[in-house]
1. Tell me, what is the FRET efficiency for residue 254 and residue 79 to the nearest 0.05, using R0 = 51 angstrom and their Cβ-Cβ distance as r?
2. Which net charge results when you count Lys and Arg as +1 and Asp and Glu as -1 among the other residues whose beta-carbon is under 15 Å from that of residue 152?
3. In whole Hz, what ³J(HN,Hα) sequence does region 134-142 give by Karplus (6.51, -1.76, 1.60; θ = phi - 60°), x for Gly and Pro?
4. How far is the Cα center of region 202-224 from the Cα center of region 90-136, in Å?
5. Give me the extension gain from residue 234 to residue 127: residue separation times 0.36 nm, minus the current Cα-Cα distance, reported in nm with one decimal.
Amino acid sequence: MRKVTTDCVVTMANIWLFSGVLIGALINCAESGMDVVAAGDPHVPGDPTTGAGQPEDDDFMLDLYGLPGFQHEFKFEVKAGASECFFQTIKRPARLHVSFEVLKGADKNIDVRIIDSTQTLIGNFLWTNEGNFEHNVTIPGIYQFCVDNSLSRFSSKLVYLFLLAYNELDWNKYVANFQDFYGGVENVSKSLEKFDQNVNSVLVFQATARRHLMADWYIIRTNNTYVQRLSIAMCVVILLTSVFQVMFVRRLFKAPTNVKPRA
């Protein structure tokens, strides 16, 4: 009986020692994995607190190539039950492009409204995770771009927003100055106009690719955290089950101490 009890104690001690080593290794791997994920792509924006609602480009009001029009990119957080609105002055005639995607947060759905200078709703996206919108601007003024998360009462949303506009009047002035500078070349206007249209198409494509890249990165990070926590929880369950089995087997061999021996 003493030998069985000693064996049970030794077995339980070995199990505790092995479990401690295993949990320590898992925690170290989890911390290393999170460090690799966080440092793997330094070009992906970090938490919203590092610049939420701020444009990525330093020069906010200029096109990427210094041509007429504007291009804005945002990554911002919308609190639960709240909304965020952005305002932009647009001249006519212009071609407006808007694209958005919810990068992180619960079901990744949100409402987006686009309102022109006459307070007319020209674009309305209801409870969706992404969308694209194009519009020919005929009424100049201040346009509103509102992201509404009022239907979500408990979860905030991380949203990526891309705005692009091509203004024909500003472009004609730009071409006129360019023609005067180079002595009135006849085909300068058509060539540069075609070039600007191609550049705008490329910018829209690049914005869509960046939007999908950031969404995939947040999905991978969330799945990595989920797998790590689930693995640690399973190890704890296995440890508790082993301890229970050892204690149960030990009680099977425990003899009563208050029984008197028979004569």
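Read the figures in this text as sums done on the coordinates, not as results from a lab. Values in this document were obtained by computation on a predicted structure and should not be read as measured data. Cβ: placed from backbone, ideal geometry, glycine included. Neighbour counts: every protein chain shown.
1. 0.30
2. Within the 15 Å Cβ shell, the charges total 0.
3. 10, 7, 8, 7, 10, 10, x, x, 8
4. So the separation of the two Cα centres works out to 18 Å.
5. Values: separation 107, 0.36 × 107 = 38.52 nm, distance 3.62 nm.
Separation in residues times 0.36 nm, less the Cα-Cα distance, equals 34.9 nm.
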